[in-house]
Amino acid sequence: MTQQQRNVLDVAELTTPMRPGPRERHIREHLDMSPPQYFQLLNALLDKPAAWEAKPALMRILAARRQRNRDRFW
């Protein structure tokens, strides 16, 4: 995993319980990327075994959230 990918996972751990406004501000300030870029990278990390090895609990939470969204909208 790259340092940027590790940083995205670290920010995801901190911002998962945050409301959208503060979360987006935190993403911009700490990762120097837009929220859409962050969420695209975070979604891609859900398919990477290295991310699951690095932060299994977080990845389970994010995978469950992604599945709920897919079930609701598809």
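The values are calculated or read from the model by the stated rules, or taken from the named source; none is laboratory data. For clarity, every value in this text was computed on a predicted model and none was experimentally measured. Reconstructed Cβ throughout: ideal geometry from the backbone, glycine too, with neighbour counts over all protein chains shown. For accessibility, only protein heavy atoms count, side chains too; no ligands or nucleic acids. Shrake-Rupley method; radii C 1.70, N 1.55, O 1.52, S 1.80 Å.
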Item to check | Net dipole in debye of the chain [+1 Lys, Arg Cβ; -1 Asp, Glu Cβ; about Cα centre; nearest 20] | outcome: 320 debye
Checklist entry - What is the spread of the Cα atoms of the stretch 14-74 along each of their three principal axes, largest first, in whole Å? => result 28, 28, 19
Checklist entry - How much of the accessible area of the chain, probe 1.4 Å, is carbon plus sulfur, in whole percent? => result 52 percent
Checklist outcome for this item: Per residue, accessible area of the chain with a 1.4 Å probe, heavy atoms of protein chains only, in Å², comes to 70 Å²
